[in-house]
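What follows is calculated from the coordinates using simple rules that are stated; it is not laboratory data. Just so it is clear, the model here is predicted, and its values are computed rather than measured. FYI the Cβ positions are ideal-geometry reconstructions off the backbone, even for glycines, and counts take in every protein chain you see.
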Amino acid sequence: MAGPETGLLLLTSGTTGRPKAVRETLAACWAKMQFFADAFEPGADDVHLLFLPMGHVFGLRLSQLALLSGGKLVLQERFSPAEAWRLVTEHEVTILPGMPTHLALLLDALNHCRHRVASLRWAISAASRIPVELAERVYATLGAELLYVYGCSENFTTLTTDRREILAGSVGHLVFAGPPGEPPDGTVRVVDPSDHRPLPTGEAGEIAFGARRPVHYWRDPDAATDGWYYTGDLGRLDAEGRLYVLGRLKELVNRGGLKVRSEERRVGKECRSR
């Protein structure tokens, strides 16, 4: 059984490349949905384009927000920049989510003679660091605001819509979505990867998230954390608590939000060659 308080099982490969199912309560799910809604205020007049997998937490939350706010949800079965721009133009899409790679491909394929982008209100991105140059292109070319989300299915998230923060390379402040009525006491720190010792402000190290309730995985009790979740990402914090993601400590391939260990790719190649 998933447990009496489990409302959702969120499938993730996390930072390790090993598939896991994170147990999330309904209270935590609704709290997370609320701060997403507060960030970009979706409404009945919005049209959301979604080519992200709805079996993953990012696509799941965005599709639910589109429907719960009374908006229109336009689904693209397989990502194609040309088809995405056709749908944006035809349906006058206002909300455009995509990973940084998606946004870069979309901008490269944009043809102002054929495509209309004036309807766009927000571009929403996550899963990997968004280069400052790419953010500048989004602002200048699409005329939309950016909502950038960094976090994991384990219920730890930072986000920002502040243009100055995004252009400075920041992924914002930690937002902890706990059950209603309980204080939001989540925290983020940067630690020494070798011994998890907290590092001084401004020094680069491994990003770690902490919360009152430990992370629990379905049918995998040994994977539960002690209250700290170590991301495998390299980052730093500034004096105001803003987080900056600088890269990876572990060798993983990020394929549209799916994390694959490089050794898995080597094994797959060897198997195909036999």
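Just grab the label-to-label distance for Tyr139 and Thr161, each label 7 Å out from Cα along the Cβ direction, in nm (one decimal).
Here the modelled spin labels are 1.6 nm apart.
In whole Å, largest first, what are the principal axis extents of the Cα atoms in the stretch 1-137?
Ordered largest first, the stretch 1-137 gives principal extents of 55, 35, 27 Å.
Share of antiparallel DSSP beta bridges in the stretch 94-207, in percent to the nearest 5?
On the way: 12 of 19 bridges.
Counting only bridges with both partners in the stretch 94-207, antiparallel ones make up about 65 percent.
Take His196 and Ala37, extend 7 Å from each Cα along the Cα→Cβ direction, and tell me the distance between the two endpoints in nm.
Here the modelled spin labels are 3.6 nm apart.
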